[in-house]
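A short write-up of the structure that comes next.
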Amino acid sequence: MRVTVDAERCIGSGMCVLTAGEVFDQRQDDGRAIILRPEPPAGTRDSVREAADLCPAAAIVLSADRRA
């Protein structure tokens, strides 16, 4: 799995950080999400999927891991 955030769509709600803080953080200047781990470890993938589902702006994009 690969994770990206569409910075133009992100509204800085912080749901991703609350749900998967080991993968997401927020910029201090505007609160928009940033990715700490673009290829999250297997043990965090469920929380990353949940973060994507909870994102009110649908700014989190998940793509298949091409190596799997």
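The values are calculated or read from the model by the stated rules, or taken from the named source; none is laboratory data. Everything quoted here is computed from the prediction, not taken from an experiment. Here Cβ is always computed from backbone atoms with ideal geometry, including for glycine, and neighbour counts include all displayed protein chains. Remember, those area values only see protein heavy atoms, side chains included, never the ligands or the DNA or RNA. Shrake-Rupley method; radii C 1.70, N 1.55, O 1.52, S 1.80 Å.
Rounded to the nearest 500, what is the 222 nm mean residue ellipticity of the chain from helices alone, with -39500 (n - 2.57) per DSSP H run of 4+ residues and division by all residues?
-5500 deg cm²/dmol
For the chain, with only Lys/Arg (+1) and Asp/Glu (-1) charged at the beta-carbon, what is the dipole magnitude about the Cα centre, in debye rounded to 20?
Result for the chain is approximately 240 debye, rounded to the nearest 20.
P(r) for the chain: what percent of alpha-carbon pairs falls in each 5 Å bin, starting at zero?
4, 20, 34, 25, 12, 4, 1, 0
With a probe of 1.4 Å, find how much accessible area the chain has per residue, and write the answer as a whole number in Å².
In whole numbers, the chain has 63 Å² accessible per residue.
If I fit a long axis through the Cα atoms of helix 45-54 and take the longest principal axis of the Cα atoms of the chain, what angle between them do I get, 0 to 90°, rounded to 10?
Taking the Cα atoms of the chain, the angle to 45-54 is about 40 degrees.
Which listed residue (F24, S13, V61) has the Cα farthest towards the positive end of the charge dipole for the chain, taking +1 on Lys and Arg C-beta and -1 on Asp and Glu C-beta about the Cα centre?
The residue sitting most towards the positive pole is V61.
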